[in-house]
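The values are calculated or read from the model by the stated rules, or taken from the named source; none is laboratory data. Here the structure is a predicted model, which means the values were calculated and not measured. FYI the Cβ positions are ideal-geometry reconstructions off the backbone, even for glycines, and counts take in every protein chain you see. Remember, those area values only see protein heavy atoms, side chains included, never the ligands or the DNA or RNA. Shrake-Rupley method; radii C 1.70, N 1.55, O 1.52, S 1.80 Å.
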Amino acid sequence: QVQLVESGGGLVQPGESLRLSCAASGSIFNVYTMGWYRQAPGKQRELVAIISSGGSINSADSVKGRFTISRDNAKKTVNLQMNSLKPEDTAVYYCYFRLVGGHPYWGQGTQVTVSS
């Protein structure tokens with residue numbers, strides 16, 4: 001089992017920044033992918049950005065150039081630095097964790113609201 005604890009959501013104005021963090025604990029081996037998905041009201045959950053153990057990143061076109069994902073393998077954490085936030089970034093953001101060949105784990109979700 002893997003447990004994920006998220007932090008860092010909140011309410012900001014357009015153009016401001018937020019930083020999300022997620023810490024993983026439990027039965028974790030070295031090779032795994034971590035990252036973030038989000039779900040806005042009435043929409044399907046979508047990829048924001050994920051990063052593999054080797055540092056390969058897959059991110060949505062809508063966040064490229066604004067969001068930066070990073071991970072600390074020693075601490076088993078993943079961070080998402082979100083800059084130049086837009087109202088359309090408003091969503092519940094979920095931490096994602098997946099061991100190679102395993103099923104995904106999800107955090108409880110953290111609300112990000114971008115509004116003036």
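Here are the numbers:
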quantity: Relative frequency of Cα-Cα separations exceeding 19 Å in the chain, percent; calculated: 40 percent
quantity: Environment charge of Val112, counting only residues whose C-beta is closer than 12 Å and scoring Lys/Arg +1, Asp/Glu -1; calculated: -1
quantity: Residue-normalised accessible area of the chain, given per residue in Å² at a 1.4 Å probe; calculated: 53 Å²
quantity: Accessible surface of the chain [probe 1.4 Å, protein heavy atoms]: carbon and sulfur percent; calculated: 49 percent
